[in-house]
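Colleague: I'd like to ask some things about the structure below.
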Amino acid sequence: MSMTGEEIQRLLDVVRDTQAVEIDCDVCLMQVGEFAEVRLAGKPIAEGLKAIEQHLLICPECREEFEALCQAMNSIEKTES
Amino acid sequence: MVRDRDNDEWIKSLEAKGPIRESALADLREILSASLKSSLKSRSDYVDNMLDDFLQDSLIRILKALDQFQNRSRFVTWATSIAIRVAMTELRKRRWRDVSLEKLVADTNFDPVAEADDNMVPERRQLIEAMYRVINTQLTDKQRTVLLAEIKGMAQEEIAGQLGCSRNALYKLSHDARFRLKQELVKIGFDSQSFAVAFNG
Ligand SMILES: [Zn+2]
C-alpha cells in the first residue's frame with residue numbers, strides 16, 4: 001500500500017517546516033498557554049514564542065491540544081462575559 | 001461558585017496545607033472540568049465517564065509541575081493545557097493500543113511509481129520522487145519507521161512504547177529524519193521556492 005495524497009502532503013509540510021533547532025513536546029506544553037493567550041488577544045508573536053509556533057506546525061499532537069485549549073478558553077470566556 | 005484568584009494566590013494556595021489547599025483544589029477541579037468538557041465534547045472517542053479519571057490524573061500532574069509554572073500566562077490557562085495533554089494522551093493511547101507499528105510500516109511503502117498521477121505538476125512530482133529516494137536511501141530503518149508512523153497519525157506515546165524508547169528519544173529520531181530529509185532535498189537543489197511551486201500544484 002502506498003501513502004495517500006493527504007499523507008504525502010503532510011510529509012511535504014513537515015519537511016518544509018523543519019528547523020535545525022527545535023523544541024520538544026514537553027517544552028511546548030510549558031509555554032503553549034502563553035502562546036494561546038497572545039494569539040487569542042490578537043497580539044503579534046514575540047521572538048521568544050516563535051519556537052512554539054514552529055513546533056505547532058510540525059507536531060500534530062501539540063497542535064490538536066493547542067486547538068482544544070483555544071476552544072476551551074473561548075467557551076470559558078463566553079460564559080464569564 | 002469558583003473563587004477568582006491571581007497566579008500568586010493559586011500557587012500559594014495549592015502549596016498550602018489544610019482547608020486553603022482543599023478549597024483551591026476543588027475550584028481548580030471545577031474549572032478544569034468545564035474546560036475539558038468543552039474541548040472534548042465534539043470527539044467521538046470521548047465519553048463522559050472518562051472525565052473523573054482525566055481530572056484526577058490532571059490534578060496530580062499539575063501539582064507535580066507547579067515549580068515549572070513560569071508565570072507567563074494565567075495559571076488557569078497553564079493548568080488547562082496540562083489537563084488537555086493528559087486527556088488527549090489517554091484518548092490517543094486507547095485509539096492506537098491495538099495497532100502494530102511493525103505491521104503499519106510493513107503495509108506501507110515509499111514507492112514513487114505508485115504515486116504517478118498524470119495531472120500532477122512536474123515540480124511537485126520531482127519533489128515527491130526526490131523525497132522518496134532520500135527516504136529509501138539516506139534514512140535508517142528506525143528513522144523511516146518513525147517518520148511513516150507519525151505521518152499515519154499514530155500516537156507518539158504508542159510509537160515510543162512499541163520501539164522501547166522514551167518520548168524524548170522518539171522526538172530526536174523524528175527530528176533527525178525530517179532534518180536529514182530537508183538537508184538532502186536542499187542539497188539536490190530544492191529550496192523554499194520549489195516547495196512553494198510544488199505545494200500550489
Ligand atoms: Zn509536540
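The values are calculated or read from the model by the stated rules, or taken from the named source; none is laboratory data. The structure presented is a predicted model; accordingly, all values stated were derived computationally and were not measured. Because the Cβ atoms are built from the backbone with ideal geometry, glycine has one as well, and the counts that use them run over all protein chains shown. With ligands, DNA and RNA removed, areas are computed over all heavy atoms of the protein, side chains included. Shrake-Rupley method; radii C 1.70, N 1.55, O 1.52, S 1.80 Å.
Colleague: So, with +1 on the Cβ of K and R and -1 on the Cβ of D and E, and no other charges, what is the size of the charge dipole of segment B:64-141 about its Cα centre, to the nearest 20 debye?
Modeller: Computed about the Cα centre, the dipole is about 840 debye.
Colleague: Could you work out, residue by residue across B:175-186, how many beta carbons of other chains sit within 10 Å of that residue's beta carbon, and then give the average as an integer?
Modeller: Taking all residues of B:175-186 together, the mean is 4.
Colleague: About the Cα centre of segment A:5-80, what is the dipole size in debye to 20, counting +1 per Lys and Arg Cβ and -1 per Asp and Glu Cβ, all else neutral?
Modeller: Taking the Cα centre of segment A:5-80 as origin, the dipole is about 260 debye.
Colleague: Taking the Cα centre of segment A:39-81 as the origin and placing charges on Cβ (Lys, Arg +1; Asp, Glu -1), which of A:73, A:54, A:44 is farthest toward the positive end of the dipole?
Modeller: Of A:73, A:54, A:44, it is A:44.
Colleague: Right, next: Enumerate the calculated ³J(HN,Hα) couplings along segment B:142-153 in order (Karplus 6.51 cos²θ - 1.76 cosθ + 1.60, θ = phi - 60°), each rounded to whole Hz, writing x wherever the residue is Gly or Pro.
Modeller: Karplus-based 3J(HN,Hα) across segment B:142-153 equals 5, 4, 4, 4, 5, 4, 5, 4, 5, 5, 6, x Hz.
Colleague: Sticking with this structure for a sec: I want the local charge near residue B:12. Using Cβ-Cβ distances under 15 Å, sum +1 for each Lys or Arg and -1 for each Asp or Glu among the other residues.
Modeller: -4
Colleague: What shape does chain B have by the C-alpha gyration tensor, where a ≥ b ≥ c are the square roots of the eigenvalues, rounded means a/c under 1.5, and otherwise prolate means a/b greater than b/c and oblate the rest?
Modeller: Verdict is prolate for chain B.
Colleague: Given B:104, B:122, B:81, which one lies farthest toward the positive end of the charge dipole of segment B:49-130, if we put +1 on the Cβ of every Lys and Arg and -1 on the Cβ of every Asp and Glu?
Modeller: Selected residue: B:81.
Colleague: If you rank B:147, B:104 by how much accessible surface each has, with a 1.4 Å probe, what is the order from largest down?
Modeller: B:104, B:147
Colleague: Sticking with this structure for a sec: Which of B:103/B:182; A:43/B:142; B:37/B:103 have a Cα-Cα distance over 32 Å?
Modeller: A:43/B:142; B:37/B:103
Colleague: Sequence-distant or interchain residues sharing an amide H contact under 5 Å with residue A:2, placed H: which?
Modeller: HN-HN under 5 Å from residue A:2: B:109.
Colleague: Moving on to the next point. Out of every Cα-Cα pair in segment A:5-80, what percent are more than 16 Å apart?
Modeller: Cα-Cα pairs in segment A:5-80 separated by more than 16 Å: 54 percent.
Colleague: Something else now. Which ³J(HN,Hα) values, rounded to whole Hz and listed in residue order, are derived for segment B:10-24 from phi using the Karplus coefficients 6.51, -1.76 and 1.60 in 6.51 cos²θ - 1.76 cosθ + 1.60 with θ = phi - 60°, glycine and proline given as x?
Modeller: Values per residue, Gly and Pro as x: 4, 4, 4, 5, 6, 8, 6, 10, x, x, 4, 5, 4, 5, 5 Hz.
Colleague: Treating the beta-carbon of each Lys and Arg as +1 and of each Asp and Glu as -1, no other charges, what is the dipole magnitude of segment B:112-201 about its Cα centre, to the nearest 20 debye?
Modeller: 320 debye
Colleague: Using protein chains only and a probe of 1.4 angstrom, how many square angstrom of residue B:129 are accessible, to the nearest 10?
Modeller: Counting only protein heavy atoms, the figure is 70 Å².
Colleague: How large is the helix-only mean residue ellipticity at 222 nm for the protein assembly as shown, computed as the sum of -39500 (n - 2.57) over DSSP H runs with n ≥ 4, divided by its residue count, in deg cm²/dmol to the nearest 500?
Modeller: Helix-only estimate at 222 nm: -23000 deg cm²/dmol.
Colleague: Karplus couplings for segment B:68-73 from phi (6.51 cos²θ - 1.76 cosθ + 1.60, θ = phi - 60°), rounded to Hz, Gly and Pro as x?
Modeller: 8, 5, 9, 6, 9, 9
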